[in-house]
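The values are calculated or read from the model by the stated rules, or taken from the named source; none is laboratory data. All values reported here derive from a predicted model rather than from experimental measurement. Backbone-built Cβ (ideal geometry, glycine too); neighbour counts: all protein chains shown. Remember, those area values only see protein heavy atoms, side chains included, never the ligands or the DNA or RNA. Shrake-Rupley method; radii C 1.70, N 1.55, O 1.52, S 1.80 Å.
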Amino acid sequence: MQNSEELKWALLIASLAMLAMAFCMIAFVMYYQKKRFEEEKRINDIEKNYNRLLLDTALNSEETERRRIAQDLHDDIGTMLSLTKLSLNQLSKLVANSGDEKEESIMKKSQSLVEETILHVRRITRDLVPTTLERFGLMEAIEEFIHKLEEDNNLVIAFQSNTEEFPRQGQKLELTLYRIMQELVNNAIKHASCTKIDIVLEIDEEMIGLRVTDNGVGFDPEKIKESNLAGLGLLGIESRLAIVNGTVQYEQPARGGSSAIARIPVNPASGNKPEPLHPFRRERVNI
Amino acid sequence: MFDSHFAYIVNNPISSIAVFVTVLPLTLTITRKAFLDKSLRLLFCYLVSKLIIDIIMLHLASTRTNNLILYNLSIPLFYALLSGMFYFQFTGKAQKGFVLTSIVGVFVFSIWDIFNSNENLGDLNEHRLVLYAKTVEGVLMISLILLYFYEIIKSLQIPNLLTFPFFWVCSGLLLYYSSLIFLAPFLHYTYTWNNQTDLGITEVIPSIFEILCAVLFSVGIYNFSPRKYAK
């Protein structure tokens, strides 16, 4: 009888201990799983921030390098070309006095070549650093870009905005929108065989939207991204947007062609205007 | 007509509730369409067979007939259905192989144990519970559950366990088999026709956790969404 009672207690205690272990096991799995997910999320966030920082630094370096090259072209080559032009002007007067027509013709050709080179250098400098964007804002920069393109290409580019006075945004945001617009328009010209491009810039209280639509052959963004090199332009757009918390969406309108819509949260300018190109400045530019 | 049945239910309320509580997860399986999932379809089969066997056992018990042969025969059937659920949950070939092998193993072992525990199989009145098979079933089920928990933690594919149906099913099974594992071998000696040993509250613990297990099954099935499953 004594043994029977002891057996009962032993069984009860063993069963309860086993149950306690089972409860602990379930609780542990739930707790550990939750902890691991939190840890994984934290690591992902760190990785994401790190990649973003890396991308930001790369783009900053690119812009700094562009500015440095533009500065060198403007200060060194540009100055030397201007001096060459002045010297040629003086020489031209001497040649004109000598009365030799052949020498005069060579002189005029040299002067015209130098002037053309000066124009080229100016254009390259402007392309490298969008000074209009920095000085006058996004709408003026886009209009200037369109004007230049229409001169060089046989296509119609329409630009419209939902506001006449587009409020100035942070330098990084404006540059991002400008570069994306450049990339999308260049892509349309290079790959879409289009005859018309529509650029729409819209702003509301929270978001800025940039839509570039063409009437070309259209494309499948996913397929292009899969083929490594062809997708670099689109990846570049996505990388730039990731830094400013923006998104991009590609559509294929029913009437043909393609349409890309970039959306970026509004970030009004802080008031620090960038320095214009200056002959003696070489500091790093933080955009 | 059902006087003896009612009397039995009144005298054994906990074990009777453990029989009828199976209706709850069964109903939920139908209403939530949980049978769309392969594992939960096997759970549905388990619940149906368990309800049928339990009702027959309750009927036999209330009419003072030895029903232990059904309990013994249900061991390989229940193990096949419950471990079969893990077959669909595991991704590794080794685990799947282990599940299939163990089903065959438990079937063979249970049959052997029925013969081993009963010298005269023809005498159903003196039929006794198996000595080892239930414990082996419990050990294997707990091993499968722990292996599955390890897989869950390792793969990190389930963001919220509380809304994952199979986690609740596993929790219910783990608690039920944990409550039974030490007790099972003793039932061979205590569940005899001329029983002299009363295990008291310990004997009721598995029934309590059978009820809890059914409730946890119900929670899991309630969390099943056909829409999510389709995705």
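How large is log10 of I(q)/I(0) for chain A at q = 0.07, 0.15 Å⁻¹ when the intensity is taken from the Debye formula with one equal scatterer per alpha-carbon? The Cα Debye sum returns log10 ratios of -0.45, -1.20.
Cut-off 10 angstrom, C-alpha nodes, Gaussian network model of chain A. Which of A:V212, A:V29, A:V114 fluctuates the most? In this elastic network of chain A, the residue with the biggest mean-square fluctuation among A:V212, A:V29, A:V114 is A:V29. Mean per-residue shielding of peptide A:3-15 is 5, counting Cβ atoms of other chains within 10 Å of each Cβ.
Between A and B, buried accessible area from a 1.4 angstrom probe totals roughly 2400 Å², ignoring ligands, DNA and RNA. For A:S161, the residues 5 or more places off, or on other chains, whose built amide H falls under 5 Å of its own are A:L201.
Summary: within chain A, the longest segment free of GluC sites (Glu not before Pro) located in DSSP loops with at most 15 other C-beta atoms within 10 Å is A:1-163. Protein heavy-atom surface of the protein assembly as shown, 1.4 angstrom probe: 60% of the accessible area is carbon and sulfur, with nucleic acids and ligands not counted. Top mean-square fluctuation among A:K93, A:K34, A:K85, Gaussian network model of chain A, C-alpha springs under 10 Å? Of A:K93, A:K34, A:K85, the most mobile in the Gaussian network model is A:K34. Backbone geometry of region A:31-41 corresponds, through the Karplus equation with coefficients 6.51, -1.76 and 1.60 at θ = phi - 60°, to 3J(HN,Hα) couplings of 5, 5, 4, 4, 4, 5, 5, 4, 5, 4, 5 Hz, x marking Gly and Pro. Packing-based ranking of B:150-163, B:71-84 yields B:71-84, B:150-163, ordered from highest to lowest mean Cβ neighbour count within 10 Å.
Using the 1.4 Å probe convention, the accessible area of the protein assembly as shown works out to 56 Å² per residue with neighbouring protein chains retained. Ranked from largest to smallest solvent-accessible area, with a 1.4 Å probe on the protein heavy atoms, A:S270, A:S4 come out as A:S270, A:S4. Restricting region B:56-97 to trypsin sites (Lys or Arg not before Pro) that sit in a DSSP loop and have at most 15 other Cβ atoms within 10 Å of their own Cβ leaves B:R64. Annotation: extensible slack from A:L86 through A:A269 equals 61.7 nm (criterion: 0.36 nm per residue apart, minus Cα-Cα distance). Give the residues of region A:77-102 whose amide nitrogen is closer than 20 Å to a point set 7 Å from the Cα of A:T117 in the direction of its Cβ. Answer for region A:77-102: A:77-95.
Taking 0.36 nm per residue of separation and subtracting the Cα-Cα distance, full extension of the segment from A:L54 to A:E205 would add 51.4 nm. Using the Cβ-Cβ distance between B:H5 and B:E126 with R0 set to 25 Å, the FRET efficiency from 1/(1 + (r/R0)^6) comes to roughly 0.55. Between helix B:133-155 and chain B there is an angle of about 10 degrees, using the helix long axis and the longest principal axis of the Cα atoms. Peptide A:25-37 shows a mean partner chain C-beta count of 5 within 10 Å per residue C-beta. Going through the cross-link list A:K85/A:K108; A:K85/A:K148; B:K38/B:K96; A:K35/B:K38, which pairs have a Cα-Cα distance over 23 Å in this structure? Violating the 23 Å Cα-Cα cut-off are A:K85/A:K148; A:K35/B:K38. Coupling constants for region A:186-193 follow from the phi torsions by the Karplus curve (6.51 cos²θ - 1.76 cosθ + 1.60, θ = phi - 60°), and in residue order they are 4, 4, 4, 5, 6, 10, 8, 6 Hz; glycine and proline get x.
The orientation-averaged projection of the convex hull spanning the C-alpha atoms of region A:1-116 amounts to 11.7 square nanometres.
Report summary: the helix-based calculation at 222 nm, which adds -39500 (n - 2.57) for every DSSP H run with n ≥ 4 and divides by the residues of the protein assembly as shown, gives -23000 deg cm²/dmol.
Across all Cα pairs in the protein assembly as shown, the calculated P(r) in 10 Å bins from zero up to the longest distance comes to 3, 13, 17, 13, 9, 9, 9, 9, 7, 5, 3, 2, 1, 0, 0 percent per bin. Estimated from the Cβ-Cβ distance and a Förster radius of 35 angstrom, the FRET efficiency linking A:V156 and A:N245 is about 0.60. Once both labels are modelled 7 Å past Cα along the beta-carbon direction, what's the A:S4-A:K148 spacing in nm? Result: 10.3 nm between the two label points.
Averaged over the residues of peptide B:140-147, the number of Cβ atoms from other protein chains lying within 10 Å of each residue's Cβ is 1.
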